[in-house]
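Beneath this line is the structure, given in structure tokens, with notes to follow.
The values are calculated or read from the model by the stated rules, or taken from the named source; none is laboratory data. Only a predicted model underlies this, so the values are computations on that prediction, with no experimental measurement involved. So basically every Cβ, Gly included, is an ideal-geometry build from the backbone, and we count neighbours across all protein chains shown. For the accessible areas, the whole protein counts, side chains as well, though only heavy atoms, and no ligand, DNA or RNA atoms are used. Shrake-Rupley method; radii C 1.70, N 1.55, O 1.52, S 1.80 Å.
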Amino acid sequence: MAIFPPTKRVWWNEPVEKSEVLWIFIALIWALVMFFMMPYWHINGSQNLSNEAYRIRPEVFAKRTEEMAAKYKVGEEGDTGVPVVRPPAGSDVYMLGRLWEWWPVLELEKGQSYRLHLSSMDWMHGFSLQPENINLEIHPGYDMVLTVTPTSSGEFSVVCNEFCGIGHHTMVGKIHVVDK
Ligand code: CUA
């Protein structure tokens, strides 16, 4: 029993039990399988997003987001009047995270591709697109860029899934996907 000290003081020179060798071998093979499945799933399983990240100052990101919002605003939503923004298909679209909102609301066209930029104004937030299974950590100082092509229309929520303080649970954003 393991709670007693080993009877043979130099236990590490004892031959390893056969079943243990077998388990080590199985674990090794499985680790190697999973290792090679990572690039395979990335390419063939659509499991990971092909995203890019660039350094950016939060002020610069905020400015770009505000410019886009001012230019393509089509309405307002909610009690706080968050702008609903419909940028042209194929363009660069911005959404920023800050305490405690995702801003602005984006309106995208189904079947069109966009370069979606995400960044934080203060500290780390989690971008979780519901009901899709897309999760990204959004950091201040980094512009996270991903190419998105919505395949179904409807309303998608952006939920913050990194604890970011007292208002964390209220940090919900929205993306509308509309048919052309
Ligand atoms: Cu932002 Cu939690």
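Points worth noting:
- One residue from Gly141, Gly111, Gly154 being at positive phi and free of Cβ contacts under 8 Å to residues at least 24 places away in the same chain: Gly154
- If the condition is being open to solvent by 30 Å² or more (accessible area, probe 1.4 Å), touching a strand residue (DSSP E or B) at 6+ places or on another chain (Cβ under 8 Å) and within 16 Å of the ligand (Cβ to nearest atom), then segment 86-116 contributes Arg98, Trp100, Glu101, Trp103.
- The residue that is nearest to the chain's Cα centre (by Cα), counting only those in segment 133-166 that are within 16 Å of the ligand (Cβ to nearest atom), open to solvent by less than 20 Å² (accessible area, probe 1.4 Å) and under 22 Å from Val84 (Cα atoms), is Ile138.
- Just one of the numbered conditions (1) open to solvent by less than 20 Å² (accessible area, probe 1.4 Å); (2) more than 16 Å from the ligand (Cβ to nearest atom) is not true of Ser119: (2).
- Residues being outside any strand (DSSP E or B), in contact (Cβ under 8 Å) with a residue 12 or more places away in the chain and either within 16 Å of the ligand (Cβ to nearest atom) or closer than 20 Å to Ser50 by Cβ (or both) - total across segment 167-180: 4
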